[in-house]
Amino acid sequence: MGYRNKKIVYGLYDDEEILMDAVRQANRSEMSILDVFSPFPVHGIDDLLDLSESRLHIGGFIYGMIGTLTAVLGMSWIHAMDWPNIFGGKPYWAIASFIPITFELTVLFAAIGMTVTFYIINGQGPGIKNPIVHPRISDDKFCIAFDADEASEEEISKYRSFFDQTGASFIETKKL
Amino acid sequence: MSAAPVSPIREPLVTGSKTYHQITEDLCAPTERAPSPAWVIAFIVALIALTIGVVSILYTIWVGIGSWNLNRTIGWGWDITNFVWWIGIGHAGTLISAILLLFRQKWRTGVNRAAEAMTIFAVICAALFPGIHVGRIWVVFFFFPYPNTRGPLWPNFNSPLLWDLFAISTYFTVSLLFWYTGLVPDFATVRDRAKGIRRKLYDLLSFGWTGNAKHWQRWESLSLVLAGLATPLVLSVHTIVSFDFATSVIPGWHTTIFPPYFVAGAIFSGFAMVQTLMVITRKVLRLEDYITIGHIESMNKVILLTGTIVGVAYLTELFVAWYSGYVYEQFAFFNRALGPYWWSYFGMMACNVLSPQVFWFKKIRRSVTWTFIMSIFVNIGMWFERFVIIATTLARDYLPSSWSFYVPTIVEIGIFVGTLGIFFTFYLLFTRVAPVVAIAEIKHILKSSGDQFARKNAEPVVQQVESGSLESTVVEHHDDEH
């Protein structure tokens, strides 16, 4: 989900608390923020940006259930139907001894499913290069970016004066 | 984000009044400078050990496991001893990263990355042993249930050995995913500083991470759920390893205490190996501000606790053997303590039960030298524990006519040395390629646990105490109790 070929105006802040104040300021003056970038997860920013809660864990639950079913149905079919065999006098369908593998496959499916989903919806993966707004964002700078694709000169200067007022240490207009 | 106030008596987790940029510089530095002579020497030694291992394994595959000294009575020797030892070591990483995450233990951030890496390498070493001890490694895929032309003939899902296969492959996969997902943002940090060929490498490793708000939100959600999944997983893995023994009918193995006792032992040995590595790593990579004496002390407390649990388990086993009135069980334990392998039982008791008790003393818990020596003791003691359970027990069967003795061949020793080589080769490469301490996570806790902030956050409390308002309430409360 990189912003390829997008023109943006962005400002860098030195601290997450200044960033939060700036986002609040932007919300008050009804400016629509394209995105916020930070070197680590800033707690509370999701609410300010109106980001809905991630549904990744729901996906995890569904993948886990698929794992459970695969294990229970698979082992039941194999031992009770496809090739019934008596092991140690136990019944063919010895459900209790299926529990460990059922648990392991539940965890395995949930973990792989969630991780793969995570990278796909993020637009990330081995060999994928997304445009980087500024190299210091992964270091110590906190960034607010506005969409400038169809912005007039007037709007761009409004964005720039917003960054000036809210204490940004670096401001730039850039095509990603 | 206003940092949550942290108690003034709590030790800071990041010392040296770091800024965010300073953290980046410090933690990326080991991957950016040329390797030190110490690293090169260590790497060469590790590679030699690895080569010995490769030769020994190839020899085993070539001539068969007749090249080992296993015999009719003692069917499991160094192979399964080493397997259980390595898999136990591989438990600390997930414990630190998952269980301590759920318990909100912030000190985990200093050591979780290296401990998880260690987990993955240890599980690789462990998985090698069942792979080669089956004898015909080229048909090892028969373990897996897949539609085949032999019927299809399926593996036995009632067998703990098959559960073990599923447990260990799941554990390896989940640990790897957890570890790598944590690494991606840090690889991005290294990427944004790198040039030339290193830039290309980290472009590949960082998966195109940009650090936007939604990605961080999902990243946190994923980390939390993976931690929630990994917590029961880590407990299940060693439980299932203990089932390999506990579900058999061998006296000394057939005990219900095995699962909790194996899990405690695994955490115990895992933390010992983390200490061995961390004490060296923090010194060589100059990370004393991030892996502080406080971190080492916390881990020593875990070692003391789990070591004591293991000790209680040993004594419980002895008591139950006596109390059961079952002569074979009684003989098994008599044989462990006073039989031909008495020295390994003695080594186990001395290293695992007695030696960690020195950690009751705060001075020793906070001493780097003591920690290092003790960690080696625990590693040795836990190896002996597995040897006692496996070889000692098997050496004295029901029938005295089949009693036997076992010493490993040079090939078996070579394979063990080889796994140490694999482990340290991977670990040394890891310290060159990836940040050994989780950069983003350290930055995240800086404002609550950095020394300059810990003091500042505590100021309102300190002022209250100084002005008398807080003290008076505490005193009153105290009076009520008496």
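The values are calculated or read from the model by the stated rules, or taken from the named source; none is laboratory data. All figures in this text were calculated on a predicted structure; none of them were measured in a lab. Cβ: placed from backbone, ideal geometry, glycine included. Neighbour counts: every protein chain shown. Surface areas here come from the heavy atoms of the whole protein model, side chains and all, with no ligands, DNA or RNA. Shrake-Rupley method; radii C 1.70, N 1.55, O 1.52, S 1.80 Å.
List every residue pair whose Cβ atoms lie under 7 Å apart, where the two residues are 6 or more positions apart in sequence or sit on different chains, the first residue falls within the stretch A:34-60 and is more than 7 Å from chain B (Cβ to nearest Cβ), and the second residue, located anywhere, is in a helix (DSSP H, G or I) and surrounded by fewer than 17 Cβ atoms within 10 Å (Cβ to Cβ).
Listed pairs, sorted by first residue: A:48/A:24; A:48/A:27.
Of the residues in the stretch A:10-33, how many are open to solvent by 70 Å² or more (accessible area, probe 1.4 Å) and either assigned to a strand (DSSP E or B) or more than 10 Å from every other protein chain (Cβ to nearest Cβ) (or both)?
Applying the first criterion (open to solvent by 70 Å² or more (accessible area, probe 1.4 Å)) to the stretch A:10-33 yields A:14, A:17, A:21, A:24, A:28, A:30, A:32.
Next cut, either assigned to a strand (DSSP E or B) or more than 10 Å from every other protein chain (Cβ to nearest Cβ) (or both) only: A:21, A:24, A:28, A:30, A:32.
Going through the stretch A:10-33 one residue at a time, the tally reaches 5.
Residue by residue through the stretch B:70-94, note down the ones that are open to solvent by less than 10 Å² (accessible area, probe 1.4 Å) and of a type in the set (Ser, Thr, Tyr).
Within the stretch B:70-94, B:81, B:94 meet the criteria.
When the stretch A:121-153 is examined, which residues are found to be farther than 11 Å from residue A:3 by Cβ, surrounded by fewer than 17 Cβ atoms within 10 Å (Cβ to Cβ) and within 19 Å of the chain's Cα centre (by Cα)?
Correct list: A:121, A:125, A:126, A:127, A:128, A:129.
Scan B:229, B:233 and give me the residue that is closer than 30 Å to residue A:88 by Cα, within 8 Å of another protein chain (Cβ to nearest Cβ) and modelled with pLDDT of 90 or more. Steps first, please.
Numbers: B:229 fails: closer than 30 Å to residue A:88 by Cα.
Exactly one residue qualifies, and that residue is B:233.
Give the number of residues within the stretch B:114-144 that are within 12 Å of the chain's Cα centre (by Cα) and open to solvent by 10 Å² or more (accessible area, probe 1.4 Å).
Summing the residues that are within 12 Å of the chain's Cα centre (by Cα) and open to solvent by 10 Å² or more (accessible area, probe 1.4 Å) in the stretch B:114-144 gives 2.
For the stretch A:61-97, give me each residue that is facing another protein chain (nearest Cβ under 7 Å), within 19 Å of residue B:146 (Cα to Cα) and surrounded by 17 or more Cβ atoms within 10 Å (Cβ to Cβ).
A:75, A:78, A:79, listed by residue number.
Would you pick out the residues in the stretch B:150-192 that are within 7 Å of chain A (Cβ to nearest Cβ) and of a type in the set (D, E, K, R)?
B:192
Can you name the condition, by its number, that residue B:247 falls short on among (1) facing chain A (nearest Cβ under 10 Å); (2) buried (at least 19 other Cβ atoms within 10 Å of the Cβ)?
Against the list (1) facing chain A (nearest Cβ under 10 Å); (2) buried (at least 19 other Cβ atoms within 10 Å of the Cβ), residue B:247 comes up short only on (2).
Need the failing condition index for residue B:198 against (1) under 30 Å from residue A:137 (Cα atoms); (2) within 12 Å of another protein chain (Cβ to nearest Cβ); (3) of a type outside the set (Asp, Glu), just the number.
For residue B:198, the failing item is (2).
Taking the condition modelled with pLDDT of 70 or more and open to solvent by less than 60 Å² (accessible area, probe 1.4 Å), does residue B:453 pass? Full working, then the answer.
On the way: modelled with pLDDT of 70 or more: yes; open to solvent by less than 60 Å² (accessible area, probe 1.4 Å): yes.
Here the answer is yes, as residue B:453 does meet what is asked.
Are there helices (runs of 4 or more DSSP H) fully within the stretch B:341-454 with at least 2 residues that are of a type in the set (Phe, Trp, Tyr) and either within 30 Å of residue B:25 (Cβ to Cβ) or touching a strand residue (DSSP E or B) at 6+ places or on another chain (Cβ under 6 Å) (or both)? List them. Please lay out each step first, then the result.
Working: elements: B:342-348, B:362-365, B:368-387, B:410-433, B:439-449.
Fully inside the stretch B:341-454 and qualifying: B:410-433.
If I ask for residues that are in contact (Cβ under 8 Å) with a residue 40 or more places away in the chain and either out of contact with any helix residue (DSSP H, G or I) (no Cβ under 6 Å at 6 or more places or on another chain) or exposed (fewer than 14 other Cβ atoms within 10 Å of the Cβ) (or both), which ones from the stretch A:159-173 would you list?
Kept after step one, since they are in contact (Cβ under 8 Å) with a residue 40 or more places away in the chain, are these residues of the stretch A:159-173: A:159-160, A:162-163, A:165-173.
If the condition is that a residue be in contact (Cβ under 8 Å) with a residue 40 or more places away in the chain and either out of contact with any helix residue (DSSP H, G or I) (no Cβ under 6 Å at 6 or more places or on another chain) or exposed (fewer than 14 other Cβ atoms within 10 Å of the Cβ) (or both), then A:159, A:160, A:162, A:163, A:165, A:168, A:169, A:170, A:172, A:173 are the ones that fit.
Here are some residues: B:87, B:120, B:80. Which one is farther than 20 Å from residue B:175 by Cα and at pLDDT 90 or above? Write out each step before concluding.
On the way: B:87 fails: farther than 20 Å from residue B:175 by Cα; B:120 fails: farther than 20 Å from residue B:175 by Cα.
None of the others qualify; the one that does is B:80.
Among (1) without any contact (Cβ under 8 Å) to a residue 60 or more places away in the chain; (2) surrounded by fewer than 19 Cβ atoms within 10 Å (Cβ to Cβ), there is one condition residue B:368 misses while meeting the rest; what is its number?
(1)
For the stretch A:137-164, give me the residue count where each residue is at the interface with another protein chain (Cβ under 10 Å from one of its Cβ atoms) and part of a helix (DSSP H, G or I).
Qualifying residue count, the stretch A:137-164: 2.
So residue B:169 passes all but one of these: (1) small (Gly, Ala, Ser); (2) over 17 Å from the mean Cα position of the chain (by Cα); (3) in a helix (DSSP H, G or I); (4) over 27 Å from residue B:105 (Cα atoms). Which condition number does it fail?
Only one criterion is unmet by residue B:169, namely (2).
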